[in-house]
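One structure is given here, and the rest of the page talks about it.
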Amino acid sequence: MSMTERRTEPVGLCFFLLLIAIAPPARSEWLMGGEAAYKYNDNLSLAQQGRDIESGNSLNLRFSPGYHFQATNYTGLTLNADLQADRNFGFTGLSQAAGGVSMDLFHKFGIGREVPWMRAGISTDWHDYANNQRDGWQFTAGISAGKRFSDHWQTTISYQFEAYRADKSVDIPALYILGIEGDAFDTDAHLLSINTVYTVNYRLSLIAGFAKHLGEVTSTTRRSSNIFDASDAITPDPVFGTDRFAYRIDANTNIFSFGISYALTGNVSLNAGYEYRDSNASHGLAYTNNIFSVNAAFRY
Amino acid sequence: MPAGRLLIAAVAILLCAPLSAAQLTVIVTNRDGQPLANSVVTVTNDAGETMDRKPGTEIVDQINKQFVPYVKPVYVGSSVNFPNSDNIRHQVYSFSPAKRFVLPLYKGTPARPVVFDKPGIVVLGCNIHDWMIGYIYVSPTPWFAKTGDDGRAVIANLPPGSYHAKIWHPRMHTREEETARQFNVDKNNNAELTWSLELRPEIRPRRAPVGGGMGGYP
């Protein structure tokens, strides 16, 4: 058993046992959610220069069993185990399995379908990539608030802090380029977003959203002094080729998203979405992404 | 009394009894001709006559995070129990003018039923599960019924006379008053009325996930 496997198992198991121990049956309920998604990203490498841009598609599976504990008439707590598997078809180094836990506290400010609500959540996941240098922990903490304005419209605003810390124990060649460190996969960022759902009817919903990602991103390039100058961390990135480097940089990304959702049953939906990402970084670096996805999702 | 005369009297009663009261059969469809369940028909006597009917105790259950039945007609003054057959708690409420009430989080059956003492429509919700919607139709008249999956309902034991019938459905476009129809029944004629209703799209919070299956609950 590797060190990475030893890290994840006891933490997740203990947390889940704690869930079962503290949740009286009458006040809590088991939940289950998941999805199977296909995604296409036309700039998987987050590259600026055309020669470095790589597109790719992937299959993503997610499963999340959990407990919901309704503490009061207005406040509930949901605890989930989050399991994920991604298979990237073009760049197998990006394939991964991930597991973690999340907790959401939900509060409604009154009784009724149109009262405002608020949610606070934290999560931690271990990501095990086929390309080991990307292995690491992801942490998120965020709050959101929303309201249903009518039978048709509801809007949610959110803030989330995201941090990723790669596993430094992975044995990769240390590389210092121009005196810059190699922890290119360690990132911190803030995500602000607003999303609106328009209910056409009970089965069909339309979704639109805008988000701003502020903080560090990891992109890919061939050797480029201009890009190296702008980076605060660089490391070889064999996922996209032996001559590629992953570099970390501060960027400001605008994300526009649109989606459509169709309920097949009371618990299962089919969803399709499109996302356009426009990133601007220091030293004039910029890149865009177009991401298409379709998924089947369920919740019980 | 000799047995033969008793037999004759019993047969006479059996033959004559149905002839002193009639029934109304109602058929409700949507505009595509499909039978429409959960339509409530109410009948009022044009001469103001009524029937001696005592308000009862009815039940609206919560099963698999849904109100069952979806539409429940009750006579004004009736009590309704809201048992929770799920193994989780619900919080039932209504803000309808005909009856405002809140049952705090509970499991099992609340200690007291809720009395519906004003005619009208009462829309039920659960504050934990926003997709849960139910309706209680509080009828001012003792003659009412709800259509089944076949779109049919029968109101029996109508004394001969002139009546008006109305239809209500949670999603119908027209007002209930605009659906009124006059009909007559007597000992020789039952009545049958049909309605074809145009419905609004069903719009309410969805239980199935929007976008993806993850995230907090509800």
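Summary of computed values
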item	result
Residue mean of other protein chain beta carbons inside 10 Å, B:121-132	3
Computed accessible area, A:MET32, all protein chains, 1.4 angstrom probe, square angstrom	70
Projected area averaged over orientations for chain B, convex hull of C-alpha atoms, nm²	16.9
Per-residue mean of C-beta atoms belonging to partner chains within 10 Å, peptide B:197-208	6
Residues of chain B: accessible area per residue with a 1.4 Å probe, Å²	48
Dipole-positive endmost among A:HIS107, A:GLN133, A:PHE149 within region A:85-151 (Cβ charges, Cα centre)	A:PHE149
Alpha carbon centroid spacing (whole Å) that separates region A:212-277 from region B:155-177	61
Per-residue average of Cβ from other chains inside 10 Å of A:145-155	1
About the Cα centre, charge dipole magnitude for region A:92-152 (Lys/Arg +1, Asp/Glu -1 at Cβ), debye	320
Accessible-area order (highest first, 1.4 angstrom probe) of the listed residues A:TYR274, A:TYR129	A:TYR274, A:TYR129
Protein heavy-atom accessible area occluded, A/B pair - total, 1.4 Å probe, Å²	3600
Spatially proximal lysines relative to B:LYS99 (Cα-Cα < 20 Å; intrachain offsets below 8 disregarded)	B:LYS54, B:LYS72, B:LYS118
0 to 90° range, to nearest 10: angle between helix A:3-22 axis and chain A longest Cα axis	10
Amide hydrogen neighbours beyond the local backbone of A:ALA71, cut-off 5 Å, H modeled	A:GLY76, A:LEU77
Accessible-area composition of region B:123-218, carbon plus sulfur, in percent [1.4 Å probe]	43
Those residues of region B:136-161 whose amide nitrogen sits under 19 Å from the label point placed on B:MET51, 7 Å along Cα→Cβ	B:137-148, B:152-161
Where labels lie 7 Å past Cα in the beta-carbon direction, separation of B:LYS118 and B:ILE203 in nm	2.6
Cross-link partners of A:LYS168 among lysines (Cα-Cα below 30 Å; sequence separation of 8 or more within a chain)	A:LYS39, A:LYS212
Accessible surface of chain A [probe 1.4 Å, protein heavy atoms]: carbon and sulfur percent	62
Normalised contact order of chain B, rounded percent, pairs of Cα under 8 Å and 6 or more residues apart	30
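The values are calculated or read from the model by the stated rules, or taken from the named source; none is laboratory data. Model, not experiment: these values are computed from the prediction. Quick reminder, even Gly has a Cβ in these numbers, built from the backbone with ideal geometry, and neighbours come from all protein chains shown. To get the accessible areas, we keep the full protein, side chains included, count just its heavy atoms, and leave off ligands, DNA and RNA. Shrake-Rupley method; radii C 1.70, N 1.55, O 1.52, S 1.80 Å.
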